[in-house]
Amino acid sequence: MRDSCWVVTRYLNGRSGLERSPSVRRRRRARPRARRETRDARARSDDAMRELKHHERKLLKKVDFLAWKSERGHREVATIRRYHLRDRDEFKRYNKLCGSVTKLAAALKRLDARDETRTEVTEAMLRKLYDIGAIPSTKSLALCDRLSTSSFCRRRLATVLVRIRMCETLREATTFIEQGHVRVGVNVIRDPGYIVTRDMEDYVTWKDTSKIKRKVAAYNDKLDDYDLLGE
C-alpha cells in the first residue's frame with residue numbers, strides 16, 4: 001500500500017520522474033527566455049531601424065529619393081493631353097515607331113554612301129515617312145533624327161479635323177469620329193488614331209447621311225432639296 005501511494009504521488013508530481021530530468025528542466029527554463037528575447041527584438045524593431053551594413057549604405061547613395069522616374073515622363077503626359085490620346089499604349093506605339101526609324105537611320109549612316117542597299121532603303125523610308133506627313137521633305141536622312149511622337153500624332157484623323165477647321169477641339173473631333181460622322185474617301189472611319197496620308201487629306205469630309213453635314217449646309221444656305229429626302 002505504501003509503495004503504491006508513493007508511485008501515484010510521484011506520477012502526479014513529476015509524471016513518473018520524466019519531467020524532473022535535467023534536459024527537461026533546461027528546456028523549461030529556455031522557453032520563457034526565448035519568448036522574452038523575441039518580444040525584446042520586436043520592440044527594438046518597432047522603435048528604430050537597425051544599422052545599415054556597408055554594402056547597403058553604398059547602394060543607398062545611388063538612390064535619389066527626390067527625382068523619381070515617373071517625374072521624367074512629363075513629356076509623355078504633355079503629349080497625351082495635347083493630342084487627346086486614348087491611353088499610354090498609343091503613345092508607346094508612336095514612341096516605339098520613332099525609335100525603330102531612328103535606329104534604322106543610324107544603321108544606314110554607318111554604311112558607305114555609294115552602297116546600293118543604303119540608297120534603296122533610304123529612298124523607300126524617306127518616301128514612306130513623307131507620304132504619311134511625318135517629315136516635310138525627302139532631301140536628307142538627317143530629317144529622321146528630328147522625328148518625334150508628335151510627328152505621328154499630328155497625322156491622326158482627330159488632329160487633321162481640327163487643323164482643317166471641321167471641329168473646334170480634339171475632344172469634339174474624337175466624339176464625332178467615334179459616332180461615325182466622318183469618312184476618308186469612301187470609307188467611314190471610327191478610329192480617332194487613324195493616320196491620314198498626304199494624298200487622302202483632301203478627301204476627309206462628313207458622311208453623306210450625317211446630320212452634322214446637313215446642319216452645316218443649312219447654316220451656309222447650301223442645303224439642296226434632294227438632301228432633305230434622306231431625313
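Of all the numbered requirements in (1) at pLDDT below 70; (2) hydroxyl-bearing (Ser, Thr, Tyr); (3) touching a Phe, Trp or Tyr at 6+ places or on another chain (Cβ under 9 Å), SER137 misses one, and that requirement is (1).
Condition first: aliphatic (A, V, I, L, M) and either in the same structural domain as LEU85 (by TED's automatic domain parsing) or within 28 Å of THR79 (Cα to Cα) (or both). Can you find one or more residues in segment 214-230 that meet it?
The answer is no, given that none of the residues of segment 214-230 is aliphatic (A, V, I, L, M) and either in the same structural domain as LEU85 (by TED's automatic domain parsing) or within 28 Å of THR79 (Cα to Cα) (or both).
Any chance you could count how many residues in segment 104-140 are farther than 30 Å from GLU178 by Cα, surrounded by 13 or more Cβ atoms within 10 Å (Cβ to Cβ) and either of a type in the set (A, V, I, L, M) or in contact with a helix residue (DSSP H, G or I) (Cβ under 8 Å, 6 or more places away or on another chain) (or both)? Residues that pass the stated criteria total 11.
Of all residues in segment 102-143, those satisfying the criterion of being of a type in the set (Val, Ile, Thr) and part of a helix (DSSP H, G or I) are THR102, THR117, THR119, VAL121, THR122. Test LEU143 against the criterion of being within 19 Å of TYR94 (Cβ to Cβ), at pLDDT 95 or above and either among the hydrophobic types (A, V, I, L, M, F, W, C) or buried (at least 20 other Cβ atoms within 10 Å of the Cβ) (or both), and give yes or no. So LEU143 fails the test.
Any chance segment 87-100 includes a residue that's at pLDDT below 90 and surrounded by 13 or more Cβ atoms within 10 Å (Cβ to Cβ)? Yes, the conditions are met somewhere in segment 87-100. The residues of segment 155-182 include none that are within 21 Å of THR209 (Cα to Cα), surrounded by 22 or more Cβ atoms within 10 Å (Cβ to Cβ) and of a type in the set (Lys, Arg). Of all the numbered requirements in (1) within 24 Å of the chain's Cα centre (by Cα); (2) of a type outside the set (Gly, Ala, Ser); (3) under 23 Å from TYR83 (Cα atoms), LYS103 misses one, and that requirement is (3). Taking GLU71, is it under 21 Å from the mean Cα position of the chain (by Cα) and modelled with pLDDT under 80? So GLU71 fits the description; yes.
The rows are residues; the columns are (1) farther than 25 Å from SER100 by Cβ; (2) outside the structural domain of LEU108 (by TED's automatic domain parsing); (3) touching a strand residue (DSSP E or B) at 6+ places or on another chain (Cβ under 7 Å).
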residue: ILE132; (1), (2), (3): no, no, yes
residue: THR174; (1), (2), (3): yes, yes, no
residue: GLY180; (1), (2), (3): yes, yes, yes
residue: VAL184; (1), (2), (3): yes, yes, yes
residue: VAL204; (1), (2), (3): yes, yes, yes
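For segment 206-220, filtered to residues that are part of a helix (DSSP H, G or I) and in contact with a strand residue (DSSP E or B) (Cβ under 7 Å, 6 or more places away or on another chain), the residue that is surrounded by the most Cβ atoms within 10 Å (Cβ to Cβ) is LYS213. Among the residues making up segment 189-207, those that are over 28 Å from ARG127 (Cβ atoms) and touching a residue at least 24 places away in the same chain (Cβ under 8 Å) are TRP206, LYS207. If the condition is being surrounded by 10 or more Cβ atoms within 10 Å (Cβ to Cβ) and modelled with pLDDT of 85 or more, then segment 37-55 contributes no residue at all. Within segment 146-188, the set of residues being in a loop (DSSP other than H, G, I, E, B), over 13 Å from LYS207 (Cβ atoms), touching a residue at least 12 places away in the same chain (Cβ under 8 Å) and not β-branched (Val, Ile, Thr) comprises LEU147, SER148, ARG154, ARG155. The set of residues from segment 133-168 being among the β-branched types (Val, Ile, Thr) and more than 14 Å from TYR83 (Cβ to Cβ) comprises ILE135, THR138, ILE164.
The values are calculated or read from the model by the stated rules, or taken from the named source; none is laboratory data. Quick caveat: nothing in here was measured; it's all calculated off a predicted structure. No Cβ is skipped: glycine too gets one built from the backbone with ideal geometry, and neighbour counts run over all protein chains shown.
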